[in-house]
Amino acid sequence: MNIIMFGPPGAGKGTQSHLLEERWGLKQLATGDILRKVADEDSDFGRKIKEIMSSGQFVSDELMVEMIGNKIDELDSNRGFILDGFPRTEKQAEALDIMLLKKDKKIDFVFEIKVDEKILVERITGRYFCASCNTNYHTIFNKPKVSGVCDNCGATDFKTRSDDTVDVIKKRLKAYHDLTMPILPYYRNKNLLVSVDGMANVNEVTKEIESYLSKEGLTYKAVSV
Ligand code: AMP
């Protein structure tokens, strides 16, 4: 079972992918997370990636396709994956199909998480994560149980993403509209596209997505959300 999570920045793709990884044993492949690690490297390449990301632009299609291909190759052959943040352009979508065909794999579902754009900025500007284990939090919607202490690992250091500022978010939303949304008809025509209501709370969104996955007979692990 292989899935694409689709939606604007702040829709909850990462949150849902992470939950599905835990509950269904699928591997989350989040291109933003992979790139952030590269951007942290002390190298010219790392600095270049950092510059592109903090200006809200896209990294080149060629690099992204190669990067995701390598990540898929690293997986156990029977382990399914969730693409979170990829494909983001029509070129990437087409290259993904060709690549998967060669690997004798296919995409089973494309979940589009729909969220009212007015609340995206509020959602994105409030988010932060644990510097130690990367667990995500939000200043309003998802605070740690004990203020200032990570629920998952107990660390007390938190970070925000350098591209989660109002200016950069506006650019990222524009890139989503101009370059990423045009992919949707491609997957609709293939009968793979399922739209889910991303305005609902996290558990309800997960439930809606899982109502499709359960039809495929995957082994469900009872991890609570
Ligand atoms: P994300 O964490 O998915 O919001 O991605 C953060 C940033 O990483 C994006 O704004 C882009 O600069 C870059 N990025 C992530 N995925 C891709 C992709 N598939 N193609 C091009 N750039 C990407």
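The values are calculated or read from the model by the stated rules, or taken from the named source; none is laboratory data. These figures come from a predicted structure and were not determined experimentally. A quick note on method: Cβ atoms are made from the backbone with ideal geometry, for glycine too, and the neighbour counts reach across all protein chains shown.
Looking only at region 27-45, filter to residues that are free of Cβ contacts under 8 Å to residues at least 60 places away in the same chain and in contact with a strand residue (DSSP E or B) (Cβ under 9 Å, 6 or more places away or on another chain); which one of those is farthest from the ligand (Cβ to nearest atom)?
27
Under 7 Å between Cβ atoms, which residue pairs at least 6 apart in sequence (or on different chains) link something in region 58-72 that is closer than 17 Å to residue 183 by Cα with a partner that is charged (D, E, K, R) and assigned to a helix (DSSP H, G or I)?
The qualifying pairs are 61/91.
Pick from region 182-211 the residues that are part of a helix (DSSP H, G or I) and without any contact (Cβ under 8 Å) to a residue 60 or more places away in the chain: which of them is surrounded by the most Cβ atoms within 10 Å (Cβ to Cβ)?
Checking each candidate, the answer is 208.
When region 88-104 is examined, which residues are found to be within 15 Å of the ligand (Cβ to nearest atom) and either surrounded by 19 or more Cβ atoms within 10 Å (Cβ to Cβ) or of a type in the set (A, V, I, L, M) (or both)?
Answer for region 88-104, where residues must be within 15 Å of the ligand (Cβ to nearest atom) and either surrounded by 19 or more Cβ atoms within 10 Å (Cβ to Cβ) or of a type in the set (A, V, I, L, M) (or both): 88, 89, 92, 93, 95, 96, 99.
I'm trying to understand the selection: among the residues of region 107-140, which are in a loop (DSSP other than H, G, I, E, B) and under 11 Å from residue 4 (Cβ atoms)?
107, 108
In the list 43, 60, 17, which residue meets the criterion of being at pLDDT 95 or above and under 22 Å from residue 199 (Cα atoms)?
Being at pLDDT 95 or above and under 22 Å from residue 199 (Cα atoms) holds for just one of 43, 60, 17, which is 17.
Go through region 111-129 residue by residue and tally those that are within 14 Å of the ligand (Cβ to nearest atom) and within 16 Å of residue 187 (Cβ to Cβ).
1
Taking into account only those residues within region 155-176 that are out of contact with any Cys (no Cβ under 9 Å at 6 or more places or on another chain) and part of a loop (DSSP other than H, G, I, E, B), which is farthest from residue 52 (Cα to Cα)?
160
Of all residues in region 52-69, count the ones that are more than 7 Å from the ligand (Cβ to nearest atom) and not in a helix (DSSP H, G or I).
2
Quick one: residue 77 ticks every box in (1) farther than 26 Å from residue 205 by Cα; (2) surrounded by fewer than 17 Cβ atoms within 10 Å (Cβ to Cβ); (3) within 15 Å of the ligand (Cβ to nearest atom) bar one, so which box is it?
Single failed check for residue 77: (3).
Given (1) out of contact with any Lys or Arg (no Cβ under 8 Å at 6 or more places or on another chain); (2) within 16 Å of the ligand (Cβ to nearest atom); (3) closer than 19 Å to residue 20 by Cβ, identify the lone condition not met by residue 72.
Residue 72 satisfies all of (1) out of contact with any Lys or Arg (no Cβ under 8 Å at 6 or more places or on another chain); (2) within 16 Å of the ligand (Cβ to nearest atom); (3) closer than 19 Å to residue 20 by Cβ except (1).
Inspect all residues belonging to region 39-51 and state whether any of them is under 24 Å from residue 112 (Cα atoms) and in a helix (DSSP H, G or I).
Scanning region 39-51, I find no residue that is under 24 Å from residue 112 (Cα atoms) and in a helix (DSSP H, G or I), so the answer is no.
Please enumerate the residues belonging to region 118-140 that are touching a helix residue (DSSP H, G or I) at 6+ places or on another chain (Cβ under 7 Å) and exposed (fewer than 15 other Cβ atoms within 10 Å of the Cβ).
Listed by number, the list holds a single entry, 136.
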